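What follows is a single structure, written as structure tokens, with notes after it.
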Amino acid sequence: MGINDRVAIAVVGLALLSGPAHAIQPERWIPLRWPHAAPYSPETLELLRGTPINCVLVKWTQGATASDEARRSVRAFAEHARSLGVDVLGVVTAEDLAHGCTDRRESGLAGVVLQGAFTDAPAALAEFRRSAPAGMPVVFLSPGSPRPEGIALFGSLEGAEARVRTTEGDAAVATPSSEPWIDTNLSLVRSMIAARGRPVWLGSSLEKPPAADCFRTIADVAAEGGRWVISPDVSFLEELRRQKPEAVAAWRRISSYLEFFEKHSEWRGLSPAGGLGVIQDSAVKDPEVFGETLNLLMRRRVPYRIIPRPSLGTASLDGLTAVLSTGLPAPTDAERALLAQFVERGGLLVAGSNWSKVRNSAGAYSIVPSGKGQAVVYHEELPDPETVARDMPSLFGRNRLAVRIFNGPSVLCPARISSDGSRMLVQLINYASLPAEDVTVRVAGAWRTARILSPDDAPADAVLEQTGESVQTRIRNFKIYAALLFER
């Protein structure tokens with residue numbers, strides 16, 4: 001199955017009927033980007049029938065020069081989409097706005113996607129609003145731009161094909177720890193949701209990946225509460241239309257993965273588990289370096305939750321035993337006092353050189369005891385991400401990690417917990433092409449039962465074994481994704 005790396009259908013000015021007959025609910029949109037040169041005929045749109053996909057993105061430009069034929073074909077496409085409960089969204093770029101070539105008032109679209117790099121996102125949104133139907137929902141897909149006010153959904157064109165990165169042949173790229181290098185979107189989605197709220201879309205398109213990478217990317221983004229914009233290419237849709245067995249099987253599995261995460265949508269309300277809090281501030285000097293720190297912590301399987309700087313306070317530190325503040329430039333007096341008190345009471349603070357002046361030791365950091373706790377102060381203001389991620393498990397203490405896995409070098413395990421602590425969700429994502437076998441999962445605390453849930457297999461009870469102050473279980477075999485739902 002192929003996946004486009006560009007949006008393409010030239011939908012040239014939409015003079016459609018008034019809005020969709022059903023209520024528009026952007027937070028429930030499950031999106032698909034219509035591919036280059038695919039016909040937008042009712043027959044082709046029928047491929048969405050029976051799937052959870054309820055939102056189609058098409059390119060929306062050159063309204064003034066649209067041919068009558070183009071208007072009629074798009075009208076039929078949108079009318080049939082509404083009959084299937086599918087909303088059509090128009091994609092508008094910064095170039096479209098600059099040339100004023102969008103016909104917005106008579107479009108009848110369910111919503112619009114502002115996509116691309118906007119030098120002034122609020123101004124771009126205001127420009128669009130001046131000639132758009134009142135109340136039209138806006139999805140904002142822009143790399144690195146702050147979220148403007150008054151939009152329905154936020155997302156990014158960034159993102160990775162979820163997999164173990166390989167070199168030529170079957171040799172996997174390894175990290176300094178000799179584990180394979182995993183490309184994942186987990187930390188990106190978690191960071192975006194923490195900073196801007198959910199739901200979040202990733203609009204990156206994969207370039208002709210194996211079908212399994214599509215399923216894995218759906219799971220990788222959904223595990224953190226996001227949605228990946230499915231982007232089939234025209235050849236795949238044609239194979240579907242002709243009922244090619246391989247394409248049909250892949251499409252059914254895509255549908256089953258989407259259905260699985262919508263069926264368990266309540267998991268998005270669970271909070272990231274773990275005793276490490278990472279302070280995140282949009283004013284950090286080098287966002288890419290800090291973002292890589294989050295990425296590598298996830299790859300090292302260090303459970304953490306993000307504390308947006310505006311939320312930093314006593315309540316945000318509840319339940320934490322350690323705080324990473326290298327993403328906090330120039331802490332204020334109040335922030336210093338709060339974190340110093342956290343250390344005095346027995347917490348671990350991991351900070352950059354802006355925290356305190358310390359005498360350089362032989363290593364990358366110095367340890368400064370204070371009260372019942374200590375501060376680990378790196379000699380750089382924003383230390384090397386690989387160094388921080390490598391040091392954190394030993395600084396934090398491996399036995400204090402909420403979740404540990406064994407015999408799963410290609411498996412990541414983002415964990416989430418309910419507000420009352422009665423349920424913990426441990427999600428296992430296998431980024432290798434071969435199934436994961438005999439993976440042991442150890443979870444801190446006393447848990448009575450656990451269920452194994454997967455889009456590929458029937459639910460089953462897990463066999464739990466008590467080990468010290470933790471429980472553990474073994475997953476014999478899973479292909480791409482399995483979830484363990486623990487209950488007290």
- Message: Can you find, within the stretch 151-166, the residue that is modelled with the highest pLDDT among those that are assigned to a loop (DSSP other than H, G, I, E, B) and under 19 Å from ALA211 (Cα atoms)?
- Response: ALA162
- Query: Got a number for residues in the stretch 445-469 being at pLDDT below 95 and closer than 17 Å to ALA273 by Cβ?
  - Reply: 3
- Just need a number here: residues in the stretch 203-213 that are surrounded by 24 or more Cβ atoms within 10 Å (Cβ to Cβ) and either among the hydrophobic types (A, V, I, L, M, F, W, C) or modelled with pLDDT of 90 or more (or both). 0
- in contact with a His (Cβ under 9 Å, 6 or more places away or on another chain) and farther than 23 Å from ASP183 by Cα - does that describe any residue in the stretch 452-470? yes
- How many of the residues making up the stretch 320-340 are over 21 Å from the mean Cα position of the chain (by Cα) and either outside any loop (DSSP other than H, G, I, E, B) or of a type in the set (Gly, Ala, Ser) (or both)? 13
- Tell me, yes or no, whether the stretch 9-26 has at least one residue that is at pLDDT below 85, surrounded by 22 or more Cβ atoms within 10 Å (Cβ to Cβ) and out of contact with any helix residue (DSSP H, G or I) (no Cβ under 7 Å at 6 or more places or on another chain). yes
- Item | Within the stretch 372-388, tally of residues that are assigned to a helix (DSSP H, G or I) and in contact with a helix residue (DSSP H, G or I) (Cβ under 9 Å, 6 or more places away or on another chain) | 3
- Query: Of all the residues that make up the stretch 44-91, how many are modelled with pLDDT of 90 or more, touching a Phe, Trp or Tyr at 6+ places or on another chain (Cβ under 7 Å) and of a type in the set (S, T, N, Q)?
  - Reply: 1
- Task: Identify the residue in the stretch 458-478 that is in a loop (DSSP other than H, G, I, E, B) and in contact with a strand residue (DSSP E or B) (Cβ under 7 Å, 6 or more places away or on another chain) and, among all such residues, is surrounded by the most Cβ atoms within 10 Å (Cβ to Cβ).
- Result: ALA462
- Filtering the stretch 253-292 down to residues that are more than 30 Å from SER422 (Cβ to Cβ), outside the structural domain of VAL388 (by TED's automatic domain parsing) and in contact with a Ser or Thr (Cβ under 9 Å, 6 or more places away or on another chain), which residue is surrounded by the most Cβ atoms within 10 Å (Cβ to Cβ)? ILE254
- Message: When you check ASP391 against the structure, is it more than 24 Å from the chain's Cα centre (by Cα) and part of a helix (DSSP H, G or I), yes or no?
- Response: yes
- Query: Which ones in the stretch 279-319 are closer than 23 Å to ARG442 by Cα and either in contact with a Leu (Cβ under 7 Å, 6 or more places away or on another chain) or assigned to a helix (DSSP H, G or I) (or both)?
  - Reply: LEU294, ASN295, LEU296, LEU297, MET298, ARG299, ARG301, VAL302, PRO303, TYR304
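The values are calculated or read from the model by the stated rules, or taken from the named source; none is laboratory data. These figures come from a predicted structure and were not determined experimentally. Please note: Cβ atoms are built from the backbone with ideal geometry, for glycine as well, and neighbour counts cover all protein chains shown.
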